[in-house]
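Chemist: Take this structure, written in structure tokens, and hold onto it; I'll ask about it next.
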Amino acid sequence: MSIETPKNWWKPLNKEERIWLYIVGVWAVILTIMMPYGHTRDHNISNETWKTTTKAYTAVSKAFIKKYKIGEDERGVPIVDARNIPEGKRGADIFLIATRAWQFKPHFILKKDKKYRIHMSSDFYEHGFSLQPMNLNYQILPNRDFVVTMTPKQSGKFMIVCNEYCGPGHHNMFTTLEVKE
Amino acid sequence: MKDYSHQFRTCETTGLKIHLPAQKLIWVNAVSAVVFLLVGAVMAILIALTRWPAVHLLPQHLFYRFITAHGMNMLVFWIVFFEMAGLIFGASAVLKTRFPAIKFAWFNWILMIIGALLVNYAIFVQGVDVMFTAYPPLKGTPLYYLGIILFAVGALFYSFQFFFAVGIAKKEGWHQGTLPLFTFGMLVAAIIAVFTLLEGAVTFVPTFLWSVGIIPESWMLDSTALYRMHFWAFGHSAQQINLAAMVAIWYLLGTLTVGAKPVNQKLSRIAFLLYIIAINLGSIHHLLVDPGLTSTYKIVNTTYLAFAAVIGSLIHAISIPAAIETAQRKKGLTNGLFEWLTKGPWSDPGWSGMIISFVIFGFIGGVTGILMSTEQLNVLHHNNLRVPGHFHATVVGGTALAFMAVAYYIIPLVLQRKLISKTLAKIQPYIFGLGILMVIMGMTFAGLMGVPRRHWNIELPGIFGGADAMLAIMGVGAIIAFIGLLIFIGIAVLSVFFGEKIPSKMEVHNPPFPVKEGVSDRKTATT
Ligand code: HEM
Ligand SMILES: [Cu+2]
Ligand SMILES: [Cu+2]
């Protein structure tokens with residue numbers, strides 16, 4: 001009984017218990033190997049983060065938008081055409097900011113099959129970067145510049161939606177990411 | 001030593017000796033738990049109906065406020081108050097001992113109840129809507145953080161008191177030998193609670209100081225990553241407390257419903273110990289897509305350390321059914337592989353609640369949890385509705401249902417009241433189980449389609465139309481689960497206050513293993 005004081009409880013395991021333990025052990029080993037294995041196959045998410053400040057990142061983002069802005073979309077979000085940004089060796093740097101007024105900026109136009117380094121940070125709250133419909137999700141923190149490298153393989157319209165609760169305007173946070181040939 | 005021998009009654013069914021002052025404490029903690037469950041349940045139905053796009057009930061500010069209220073009242077107040085009742089029961093009745101420092105225990109309860117009321121005041125009156133995670137720079141009011149701190153301090157004191165009570169039971173000769181398995185499980189829960197609640201202090205004391213203006217905002221802004229780590233060292237470990245308590249209660253229910261005996265106590269106890277070993281670092285699985293941590297760090301923390309706990313759970317996953325099966329076979333239910341299960345007492349809510357909670361926790365909660373905490377897969381889950389889908393399987397379909405199932409025994413055996421309606425009790429676990437299963441499935445599959453959690457209106461981005469059917473399943477399930485909760489709350493509250501009294505048999509009960517005269521004299525002299 002689970003409410004009785006056991007007399008002699010240090011007993012050897014019976015056969016079924018031992019078989020089960022072996023199964024569990026093997027399974028745990030498989031799982032334990034799986035993650036480092038994915039690690040070697042480059043299945044990890046980005047490991048690149050830079051320290052920044054909300055002020056510095058805001059300035060970088062402003063300059064970026066100013067340089068490549070080609071207009072505004074119907075929600076008033078600046079559209080940035082990032083198709084011709086030099087790719088360099090590591091990819092073209094583009095900057096996403098999540099603002100205190102619950103907006104993602106900018107609305108991106110990317111080029112298919114071009115490698116991009118998407119920088120993401122916030123000027124105040126924590127936010128979520130959720131790329132749809134791929135359903136890829138990252139955490140955005142203030143004072144941290146998180147860099148995710150991606151190469152769009154498919155043209156079309158995608159959405160970046162905030163999926164970390166960031167205050168009363170949370171549900172208004174989304175922006176468009178267009179991929180063109 | 002003071003004479004406590006007249007403060008006991010004997011439980012007719014189990015033979016446990018119940019210390020009456022401890023019984024009052026169990027009563028007050030259990031009743032508090034159910035009251036907060038009611039608040040949480042009302043919030044649950046309102047937010048669920050808001051997330052169902054066809055209904056979309058609440059305005060935005062109330063939606064976020066009520067999620068905050070739902071999270072705190074359910075995950076923290078209902079669960080923890082109930083666990084405090086479990087700690088007191090495990091350290092008194094099960095050991096057939098007195099519960100020491102009764103006044104201190106009441107003081108702890110008062111701390112906790114003030115804390116819980118302050119938090120609810122902050123949410124509903126002051127309009128705090130920061131979610132239970134309260135990631136800075138989202139800012140609550142000072143009372144919000146103060147409430148959490150008071151509540152946590154009360155719970156921490158209760159954990160210490162649990163250790164003290166076990167010590168007294170030994171010292172005064174009430175109990176000798178190994179702890180019964182249930183108490184051992186609760187001991188594990190209390191040990192994890194100490195670590196957890198200290199992490200809670202590391203998280204919420206600085207946030208409190210920031211909310212009253214002592215710590216500057218710039219510090220908090222720079223510490224968001226650090227806050228997340230400490231918050232989850234607290235928040236995830238708290239789930240290990242729930243886990244240990246729930247498993248202990250499963251063993252208890254096995255005993256109460258069909259007289260199950262743990263097959264191998266050594267194995268079960270080792271499994272409990274694995275929970276302690278694995279608590280703290282496994283929490284990193286909440287930070288798998290955070291900037292700033294390396295993959296190596298994440299992998300180390302989510303592989304072997306987390307899997308130690310998983311192995312623990314898998315051991316219980318065989319030893320609990322094995323205990324039940326053995327007990328049932330002894331009664332002659334030996335036909336086929338599963339007669340022991342199919343001919344179980346399915347109209348006993350303790351049994352049906354236990355089995356349903358076992359299945360939902362193990363098969364759905366466990367499997368989804370393992371998927372999500374895989375470093376490379378987490379990017380597909382983080383912060384979408386699959387996450388609430390997962391933990392409504394663990395902490396709701398699993399823990400909360402197990403607590404309800406055991407409450408059907410606690411009320412007559414410990415609180416000495418007959419259930420006001422056996423018929424309703426009989427069907428309650430099925431109703432709640434079905435409803436919460438639909439909630440879990442709806443959330444999980446909507447999450448699979450990318451629907452974010454904690455989101456007031458997913459129609460705005462205009463891309464989640466495909467998930468409407470899933471969210472409708474969640475909504476209908478929520479109504480069913482809500483009815484299930486109301487039935488439970490109705491039975492519990494009405495029985496406790498108006499149920500027929502079960503007369504108690506007072507009995508003189510002295511320590512069965514008296515300490516030698518001289519020794520006990522010295523003790524009274526020093527204390
Ligand atoms: C009738 C039963 C219940 C229903 C219908 C229900 C429904 C929900 C819904 C719709 C959400 C919001 C999901 C989102 O938008 O992110 C939620 C969140 C949550 N629920 Fe429940 N729930 C129930 C019971 C419980 C219980 C018993 C517990 C705890 C023991 C619990 C713990 C939580 C927690 C911790 C959250 C997360 C809050 C947050 O994101 O801050 N729920 N629930
Ligand atoms: Cu946001
Ligand atoms: Cu947000």
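The values are calculated or read from the model by the stated rules, or taken from the named source; none is laboratory data. Given the structure is predicted, the values throughout are model-derived calculations rather than measurements. Here the Cβ positions follow ideal geometry from the backbone for every residue, glycine too, while neighbour counts run over all protein chains shown. Calculation scope for accessible area: heavy atoms of the full protein, side chains included, ligands and nucleic acids excluded. Shrake-Rupley method; radii C 1.70, N 1.55, O 1.52, S 1.80 Å.
Chemist: Can you go through B:I491, B:I463, B:I473 and tell me which one is away from chain A (no Cβ under 14 Å) and surrounded by fewer than 22 Cβ atoms within 10 Å (Cβ to Cβ)?
Modeler: B:I473
Chemist: Which condition does B:V39 not pass, out of (1) within 16 Å of ligand 2 (Cβ to nearest atom); (2) part of a helix (DSSP H, G or I); (3) surrounded by fewer than 24 Cβ atoms within 10 Å (Cβ to Cβ), if it passes all the others?
Modeler: So B:V39 meets the others, but not (1).
Chemist: Next question. Just give me the residues in segment A:145-178 being more than 12 Å from ligand 3 (Cβ to nearest atom) and touching a Gly at 6+ places or on another chain (Cβ under 6 Å), in sequence order.
Modeler: Of everything in segment A:145-178, just one residue is more than 12 Å from ligand 3 (Cβ to nearest atom) and touching a Gly at 6+ places or on another chain (Cβ under 6 Å), namely A:T149.
Chemist: How do the helices (runs of 4 or more DSSP H) wholly within segment B:298-365 filter down when requiring 2 or more residues that are over 24 Å from A:W20 (Cβ atoms): which remain?
Modeler: Counting at least 2 such residues, we get B:349-359.
Chemist: Just to be sure I understand, how many residues within segment B:371-391 are open to solvent by 30 Å² or more (accessible area, probe 1.4 Å) and within 30 Å of B:Q428 (Cα to Cα)?
Modeler: Selection size over segment B:371-391: 3.
Chemist: Further, regarding this structure: Scanning for something touching a Leu at 6+ places or on another chain (Cβ under 6 Å) and within 16 Å of ligand 1 (Cβ to nearest atom), does segment A:140-155 turn up at least one residue?
Modeler: no
Residues are listed down the side, and each one gets a yes or a no for (1) open to solvent by less than 30 Å² (accessible area, probe 1.4 Å); (2) within 16 Å of ligand 3 (Cβ to nearest atom); (3) within 19 Å of A:H171 (Cα to Cα):
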site	(1), (2), (3)
B:Q23	yes, no, no
B:W27	no, no, no
B:V35	no, no, no
B:A48	yes, no, yes
B:V55	no, no, yes
B:F63	yes, yes, yes
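Chemist: Within segment A:121-139, work out how many residues are buried (at least 23 other Cβ atoms within 10 Å of the Cβ) and more than 8 Å from chain B (Cβ to nearest Cβ).
Modeler: Residues in segment A:121-139 being buried (at least 23 other Cβ atoms within 10 Å of the Cβ) and more than 8 Å from chain B (Cβ to nearest Cβ): 4 in total.
Chemist: Give me a count of the residues in segment A:74-101 that are part of a loop (DSSP other than H, G, I, E, B) and open to solvent by less than 20 Å² (accessible area, probe 1.4 Å).
Modeler: 5
Chemist: I'd like the residue in segment A:1-33 that is assigned to a helix (DSSP H, G or I) and within 7 Å of chain B (Cβ to nearest Cβ) and, out of all such residues, is farthest from B:I370 (Cα to Cα).
Modeler: A:E17
Chemist: May I ask you to say which residue of B:V387, B:V395 is within 14 Å of chain A (Cβ to nearest Cβ) and either in a helix (DSSP H, G or I) or at pLDDT 95 or above (or both)?
Modeler: B:V387 is the lone residue from the list that is within 14 Å of chain A (Cβ to nearest Cβ) and either in a helix (DSSP H, G or I) or at pLDDT 95 or above (or both).
Chemist: Within segment A:143-168, work out how many residues are assigned to a strand (DSSP E or B) and open to solvent by 10 Å² or more (accessible area, probe 1.4 Å).
Modeler: Summing the residues that are assigned to a strand (DSSP E or B) and open to solvent by 10 Å² or more (accessible area, probe 1.4 Å) in segment A:143-168 gives 8.
Chemist: Residues being open to solvent by less than 50 Å² (accessible area, probe 1.4 Å) and closer than 17 Å to A:M120 by Cα: count how many of those fall in segment A:50-73.
Modeler: Within segment A:50-73, residues that are open to solvent by less than 50 Å² (accessible area, probe 1.4 Å) and closer than 17 Å to A:M120 by Cα number 8.
Chemist: Going residue by residue through segment B:100-122, is there one that turns out to be β-branched (V, I, T) and within 14 Å of chain A (Cβ to nearest Cβ)?
Modeler: Within segment B:100-122, not a single residue is β-branched (V, I, T) and within 14 Å of chain A (Cβ to nearest Cβ).
Chemist: Quick one: in segment B:366-382, of everything that is in a helix (DSSP H, G or I) and in contact (Cβ under 8 Å) with a residue 24 or more places away in the chain, which residue is farthest from the other protein chains (Cβ to nearest Cβ)?
Modeler: Filtering first and then ranking leaves B:T368.
Chemist: Among B:L181, B:L197, which is the only one that is closer than 23 Å to B:F403 by Cβ and within 14 Å of chain A (Cβ to nearest Cβ)?
Modeler: Matching residue, one of B:L181, B:L197: B:L181.
Chemist: In segment B:427-446, is there at least one residue being surrounded by fewer than 24 Cβ atoms within 10 Å (Cβ to Cβ) and within 16 Å of ligand 2 (Cβ to nearest atom)?
Modeler: There is no residue in segment B:427-446 that is surrounded by fewer than 24 Cβ atoms within 10 Å (Cβ to Cβ) and within 16 Å of ligand 2 (Cβ to nearest atom).
Chemist: May I ask you to list the residues in segment A:102-117 that are within 18 Å of A:K66 (Cβ to Cβ), within 14 Å of another protein chain (Cβ to nearest Cβ) and either within 16 Å of ligand 3 (Cβ to nearest atom) or not in a strand (DSSP E or B) (or both)?
Modeler: Those that are within 18 Å of A:K66 (Cβ to Cβ), within 14 Å of another protein chain (Cβ to nearest Cβ) and either within 16 Å of ligand 3 (Cβ to nearest atom) or not in a strand (DSSP E or B) (or both): A:Q103, A:F104.
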